[in-house]
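Contents: one structure, followed by commentary.
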Amino acid sequence: MKRRKLATLVPIGVAVALIAGCAGSKEPAPAAASDNGNKGANEESAAPKNPTKISIIAKLHVAEVPSDKLEKLIEEKTNTELDIQWVPNTIYEDKINAAFATGALPMSFSGDINKFREAIIDGQFWEIGPYLEEFENLRNLNPSVLRNMEVDGKLYSLYSERPLSRQGLIFRKDWADQLGLSAPKNLDELYEMLKQFKNNDPDQNGKNDTIGLTDRSDMVYGAFKTVASWHGTPNYWGEKDGKLLPEFMFPEYMETMKFFHKLHQEGLINQDFPVTSKEDQRALLVSGAAGAYIGSMPDAWGLQTELTKVNPKGVLDVHNRIEGPKGLGVWLAVQGGGEVLLFPKSAVKTEEQLKEVLSFYNQLMSPEVANLALWGVEGEHYTVVDGLAKPAEDTAMLDREVKPYSVIAIGGEMSIPDRLRAKWEDPIKQKAENLVLDNNEFLIDNPAAPLESKTFVEMGERLQQAINDATYKFILGDIDEAGFQKVVDKWLADGGQKIIDEYTADYEASK
């Protein structure tokens with residue numbers, strides 16, 4: 001009888017208890033072919049195959065272990081017997097660390113690839129790259145994302161697809177309409193919008209009390225990196241004369257700093273943005289003090305909801321296609337923040353078992369099973385409207401029966417084009433989600449993502465902080481170009497040149 005488990009946090013030292021909670025009494029599935037090993041080829045192909053047993057640890061983002069209704073349907077569709085251990089998100093990392101320390105990992109689990117890098121190199125996880133071409137759905141996974149997940153040039157993991165770039169512009173459409181402005185098509189039009197939002201009384205209250213852009217102390221998910229990508233700046237690292245160099249050594253980065261310096265000098269951006277929190281950044285837009293927000297476009301839905309409470313006539317819009325000197329471009333986020341699906345050899349004992357596990361995930365990428373895991377049962381958990389999935393209004397039922405199963409899915413809208421997309425009643429939410437997909441047409445990749453640099457691991461974060469500080473100082477007018485170059489020179493001397501050399505060597509070796 002199949003067990004349904006909710007994991008509890010157990011100290012690492014209690015190895016026996018944890019192993020029982022994680023692996024249970026189940027042994028890894030024997031190779032399916034062994035059931036019929038003595039039969040002829042025709043008889044074997046005709047005989048029903050026993051369900052493949054697969055153990056999984058899955059994050060639980062709701063309060064209770066889900067109903068097994070969908071689990072049984074997924075098992076039926078994939079001919080598997082699933083042993084899913086649901087672990088609350090708040091203790092998931094501790095549970096995985098404890099299971100890893102005691103050799104009690106399941107056949108597949110989601111984890112931060114950077115934390116398991118040494119164990120991967122040590123041979124404790126299966127390399128899966130050579131097998132993907134054998135599976136019609138797995139081979140549709142994005143090659144760029146897979147490259148970003150490689151360790152020493154080899155692929156060990158699958159991924160659950162997240163938007164590769166959510167970044168864009170959210171702006172007060174009612175202000176733009178009042179001023180006769182349309183969504184900006186390029187950087188000059190963006191500047192003009194921000195300038196008019198400050199100087200031309202867009203809220204018609206007769207006061208000079210508005211600014212153009214609200215920003216926060218975040219060089220990546222705030223406005224700076226997105227505007228840098230619109231300028232054509234490389235994504236963290238770029239190639240020049242056969243070498244990989246950091247983004248801040250390219251002229252486009254300097255042009256981005258000059259753009260922000262101009263905004264700051266002219267009062268078009270909140271003057272204290274280097275120390276502004278995200279909450280305060282949002283408040284400036286919601287209160288009517290600022291007219292534009294550059295960041296995650298899906299934020300528009302929540303911002304519109306808050307804005308309506310303050311000003312029922314306030315209207316937001318979203319936009320993503322802003323051209324710079326090199327045309328369209330927006331930075332590609334590292335897929336999943338490093339969180340991927342791994343297959344430990346301690347649980348997956350043989351190559352044949354590995355192929356059976358991969359076959360299960362291949363079936364999860366079929367449109368039928370993918371829709372089942374994401375949306376549930378049509379007519380019960382969702383309906384199809386205009387070719388899109390509209391979830392049922394009973395959110396408690398969806399939390400109980402459907403929502404948890406999305407975490408076991410892999411791939412997504414880009415690699416499973418026939419999977420149903422969401423139907424949102426709110427038009428700005430629907431538009432934001434559509435534009436997130438549109439961003440895939442002009443992504444700027446990070447060529448260093450799959451590469452190795454020991455020095456970067458050891459000191460990259462500390463060295464980057466000096467660059468971030470210098471970037472803010474330049475924008476605020478505290479240093480000039482020569483002053484910024486001095487910081488870059490010190491970065492090189494303190495270990496940056498070694499990082500460049502290591503990344504470049506690995507880059508050359510990977511060609």
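The values are calculated or read from the model by the stated rules, or taken from the named source; none is laboratory data. Given the structure is predicted, the values throughout are model-derived calculations rather than measurements. All Cβ positions, glycine included, derive from the backbone under ideal geometry; neighbour counts span all protein chains shown. Side chains are part of the model used for accessible areas, which takes the heavy atoms of the whole protein and leaves out ligands, DNA and RNA. Shrake-Rupley method; radii C 1.70, N 1.55, O 1.52, S 1.80 Å.
Of note:
- Potential lengthening between Gln178 and Lys262 on full extension [0.36 nm per residue; Cα-Cα distance subtracted]: 27.8 nm
- FRET efficiency, Lys243 to Ala119 (Cβ-Cβ, R0 35 Å, nearest 0.05): 0.65
- In sequence order, calculated HN-Hα J values of the range 473-486 (Karplus, 6.51, -1.76, 1.60; Hz; x Gly/Pro): 4, 5, 4, 7, x, 7, 9, 9, 4, 5, x, 5, 5, 4
- Semi-axis lengths, Å, the range 156-289, gyration tensor of Cα atoms, sqrt of 5 times eigenvalues: 30, 18, 15
- 5 angstrom amide H check on Thr80, placed H, neighbours 5+ away: Thr52
- Remark: the range 281-292, residue by residue, has Karplus-estimated 3J(HN,Hα) of 4, 4, 4, 5, 6, 5, 6, x, 7, 10, x, 9 Hz, where x stands for each Gly or Pro and the curve is 6.51 cos²θ - 1.76 cosθ + 1.60 at θ = phi - 60°.
- Listed cross-link partners Lys278/Lys431; Lys95/Lys498; Lys185/Lys309 are compared with a 28 Å cut-off, the Cα-Cα value being larger for Lys95/Lys498; Lys185/Lys309.
- Relative packing of 162-175, 408-421, 265-278, 102-115, which averages over residues the other C-beta atoms within 10 Å, highest first: 162-175, 102-115, 408-421, 265-278
- Taking each residue as 0.36 nm, the span from Asp469 to Lys486 lengthens on full extension beyond its C-alpha to C-alpha distance by 4.9 nm.
- Cubic angstrom per residue, convex hull over Cα atoms of the range 216-372: 218 Å³
- Our summary gives the range 270-370 a relative contact order of 13 percent, counting only alpha carbon pairs under 8 angstrom and 6 or more residues apart.
- When each of the peptides 284-291, 363-370, 139-146, 225-232 is scored by how many other beta carbons lie within 10 Å of its residues on average, the order from highest to lowest is 225-232, 284-291, 363-370, 139-146.
- GluC sites (Glu not before Pro) restricted to DSSP loop in the range 95-202 with at most 12 other C-beta within 10 Å: Glu136
- Computed extension length for Glu134-Ala493: 124.5 nm, one decimal, from 0.36 nm per residue of separation with the Cα-Cα distance subtracted.
- Across the alpha-carbon atoms of the range 397-450, the computed radius of gyration and Dmax are 14.7, 44 angstrom.
- Across Lys115/Lys390; Lys115/Lys240; Lys59/Lys225; Lys59/Lys154, pairs whose alpha-carbon gap is larger than 28 Å: Lys115/Lys390; Lys115/Lys240; Lys59/Lys225
- Heavy-atom accessible surface of the range 55-173: percent carbon and sulfur, 1.4 Å: 42 percent
- Accessible surface, the chain, averaged per residue in Å² (probe 1.4 Å): 46 Å²
- Dmax and Rg, reported as Rg then Dmax, of the range 57-98 (C-alpha, Å): 12.0, 33
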